[in-house]
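Please read the structure below before turning to the comments.
A short reminder: the numbers here are calculations on the coordinates, not readings from a lab. Being a predicted model, the structure only gives us computed values, none of them experimental. Cβ coordinates were reconstructed from backbone atoms using ideal geometry, including for glycine residues, and neighbour counts include every protein chain displayed.
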Amino acid sequence: MTELQTAHWLGLDSSHLSPIDDHHGLMQPTKQAWLAMVEAAANDGLTLNLVSSYRSFGRQQVIWDNKFNGHRPVLDDHNVPVAMAQLTELEKILAIMRFSALPGTSRHHWGTDLDVYSKPLQQQPLQLVASEYQSGGPQFQTHQWLQQRAHEFDFFFPYSDDLGGVACEPWHLSHRPMAEKVESMRQPEAILDAIVNANVAGQKTIAANFDTLFARFVSPISRLR
């Protein structure tokens, strides 16, 4: 396995990944765990599919910049579009970070995290909102199975609880052994340098408030299964 470097966990280098298909890649141990879990689910009559796995810094920046600049909608906790043009830069950043990570801070950069659904259960386009995974939602069966079985493959839900920063993400799984290894390497200073060097939208306000943003939206996760 490729020795992890700063560029890997920042999403600037994907050479540490093993491809799953034309669209998805994960670190090799995470890939093996994912494929084993897919097989177990299939044995129980459930098809598991990836919505997303690895996401590069550049891709995360496109999402971020478009939201910050008003080219892509930002939703509030009630799935209502936020009037971004009326907000200060800091207010925009806080609104975006509720559901989208700052480039350089996304766990999807690591190759250890994935968003999961069951395509056969989804009759309408997937929105990736919590209600889809709750009782009565099309992905409720998926979430129930994952809650019962994902831990057997060393996966956990890092955003199972609302800790005051990132909203609940019942579709998001993290492969604990590899994610904890990457997390121990993470350096806030390197993240901020990457944000500034890439000219991420709102970078001056991000830099001025970085410690607070990191403490609220990046560090806290739900560590239980």
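Observations, loosely collected:
- Options [x] 18.7; [y] 18.0; [z] 19.7 - which one matches Kirkwood radius over Cα pairs in Å as calculated here: [y]
- Taking amide H as placed 1.01 Å from N in the peptide plane, the amide H of Asn49 sits under 5 Å from that of Tyr117, Ser118, Lys119, each at least 5 places away or on another chain.
- Computed over segment 28-93, Kirkwood Rh from alpha-carbon pairs, angstrom: 15.1
- The order of Val80, Val129, Val166, Val196, going from fewest to most other C-beta atoms within 10 Å of their C-beta, is Val80, Val196, Val129, Val166.
- Measuring nothing but how far apart in sequence close Cα pairs (under 8 Å, 6+ apart) lie, relative to its length, segment 32-156 scores a relative contact order of 33 percent.
- Per-residue HN-Hα couplings for segment 199-210 [Karplus 6.51, -1.76, 1.60; θ = phi - 60°; Hz; x = Gly/Pro]: 6, 4, 4, x, 4, 5, 6, 4, 4, 5, 10, 4
- For segment 77-94, backbone phi angles converted through the Karplus equation (6.51, -1.76, 1.60; θ = phi - 60°) give residue-by-residue couplings of 5, 9, 6, 9, x, 7, 7, 4, 5, 8, 9, 6, 4, 5, 5, 4, 4, 5 Hz, Gly and Pro being listed as x.
- For the chain, the longest principal axis of the Cα atoms and the long axis of helix 140-149 meet at an angle of about 80 degrees.
- Were the residues from Ser18 through Ala40 laid out at 0.36 nm apart, the gain over their Cα-Cα distance would be 5.8 nm.
- Ranked list, fewest to most other Cβ atoms within 10 Å of each Cβ, for Val182, Val62: Val62, Val182
- Note on Met84, Met185, Met178: ascending count of other Cβ atoms within 10 Å places them as Met185, Met84, Met178, the fewest first.
- Degrees between helix 28-43 axis and first principal axis of the chain (Cα, 0 to 90, nearest 10): 50
- Computed FRET value (nearest 0.05) for Thr88 with Val62, which takes r as the C-beta separation and R₀ as 25 Å: 0.65
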